[in-house]
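Before any comments, here is the structure.
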Amino acid sequence: NAGVTQTPKFQVLKTGQSMTLQCAQDMNHNSMYWYRQDPGMGLRLIYYSASEGTTDKGEVPNGYNVSRLNKREFSLRLESAAPSQTSVYFCASSEHKVSGDLRYGYTFGSGTRLTVV
Amino acid sequence: LAKTTQPISMDSYEGQEVNITCSHNNIATNDYITWYQQFPSQGPRFIIQGYKTKVTNEVASLFIPADRKSSTLSLPRVSLSDTAVYYCLVMIYNQGGKLIFGQGTELSVKP
C-alpha cells in the first residue's frame, strides 16, 4: 500500500547513545517533515524538507539532525540521546509545491515510539 | 506565524452534527486552513483543507468567512468512531507548506 513507512516502530536507548530514524514515502511527494509528540500534546515540527536537497529547522530542532537522502527518504538522527527526547516521532510527506494540488494534505507514518533511559 | 485557537474538548451524541470553530487572527494571504484527525497511537489523518468560503468532501465541510480569521469544521451525523482529537491548522504556503500544530479539540461521541 502507498504511504509513509517509518522504522523502527519502537526503540529504547540509553542516554548518550545515537540512532537514526528512517522514513520513506512512495507517493512521489516533494516535501517531507519530522514531528515529535509528547503525551497530551500536539505535534511539534522538528525539521522539514520542502524539496529534495533542502532542509530547514522547525520549532524544536536542537539535538537532532536530518538528511534528505533522495526524494523518497528523509532520516532523523539523534547524535546523543537525552531523556527529554523520549517521545513519539512522526514522519509525514506532502505534494506541496507552488502550483500544486492541495486537496490531499499530509500523509503521516504510524510513528516511532522512542524511550531514552 | 499564524496561531490557532480552538476549544480543548467537546462532547456530542451519535447522529448529531458537530461544529468545531477555530480562530486564526494572524493568517497570511497565501496560507490555507486545514484540519486533521488523530486517533490514539496513530499519526494524524488529513480531513479537509480550504482557502475561503466553503469546501465539502465525503467526510466533512469547512466554512471560512470572508475575513478568514476563523473557520468551522462541520462533521455531519457523527458516530462513536469519530471520537478523536481534531486539529485546526494554518498551512504556511511559502515555507514548504509546513504545519504548526496546536493543542487540538478532543471530541467525545457518546451513544
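The values are calculated or read from the model by the stated rules, or taken from the named source; none is laboratory data. Note that the structure is predicted; figures quoted are calculated from it, not measured. Counting neighbours? That spans all protein chains shown, and the Cβs are built from the backbone with ideal geometry, glycine included. To get the accessible areas, we keep the full protein, side chains included, count just its heavy atoms, and leave off ligands, DNA and RNA. Shrake-Rupley method; radii C 1.70, N 1.55, O 1.52, S 1.80 Å.
Some observations on this one:
- The set of residues in the range A:37-63 being open to solvent by 20 Å² or more (accessible area, probe 1.4 Å) and not in a loop (DSSP other than H, G, I, E, B) consists of A:GLN37, A:ARG44, A:TYR47, A:ASP56, A:LYS57.
- Flag if A:GLY16 is open to solvent by less than 20 Å² (accessible area, probe 1.4 Å) and assigned to a loop (DSSP other than H, G, I, E, B): no
- Residues in the range A:41-69 that are of a type in the set (Lys, Arg) and under 13 Å from A:CYS91 (Cβ atoms): 1 in all.
Conditions tested, residue by residue: (1) at positive phi; (2) hydrophobic (A, V, I, L, M, F, W, C); (3) within 14 Å of chain B (Cβ to nearest Cβ).
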residue: A:GLY3; (1), (2), (3): yes, no, yes
residue: A:PRO8; (1), (2), (3): no, no, no
residue: A:GLN22; (1), (2), (3): no, no, no
residue: A:SER31; (1), (2), (3): no, no, yes
residue: A:TYR35; (1), (2), (3): no, no, yes
residue: A:PRO39; (1), (2), (3): no, no, yes
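- Filtered residues of the range A:8-36 (kept if at pLDDT 95 or above and among the polar types (S, T, N, Q)): A:GLN11, A:THR15, A:GLN17, A:SER18, A:THR20, A:GLN22, A:GLN25
- One residue from B:ASP31, B:ASP82 being modelled with pLDDT of 90 or more and among the acidic types (Asp, Glu): B:ASP82
- Applying the criterion of at least 1 residues that are open to solvent by less than 20 Å² (accessible area, probe 1.4 Å) and farther than 22 Å from A:PHE108 by Cα to the strands (runs of 3 or more DSSP E) found wholly in the range B:38-109 leaves B:61-64, B:70-75.
- Whichever residue in the range B:9-37 is open to solvent by less than 10 Å² (accessible area, probe 1.4 Å) and among the aliphatic types (A, V, I, L, M) and, among such residues, is nearest to the other protein chains (Cβ to nearest Cβ): B:ILE33
- Leading residue by the ranking (modelled with the lowest pLDDT) among those in the range A:67-114 that are aromatic (Phe, Trp, Tyr) and under 16 Å from A:HIS29 (Cβ atoms): A:TYR104
- A search for C-beta distances below 7 Å between a residue of the range A:42-53 that is more than 7 Å from chain B (Cβ to nearest Cβ) and farther than 15 Å from B:GLY43 by Cα and any residue that is open to solvent by less than 10 Å² (accessible area, probe 1.4 Å) and among the small types (Gly, Ala, Ser), counting only pairs 6+ apart in sequence or on different chains, returns A:SER49/A:SER31; A:SER51/A:SER31.
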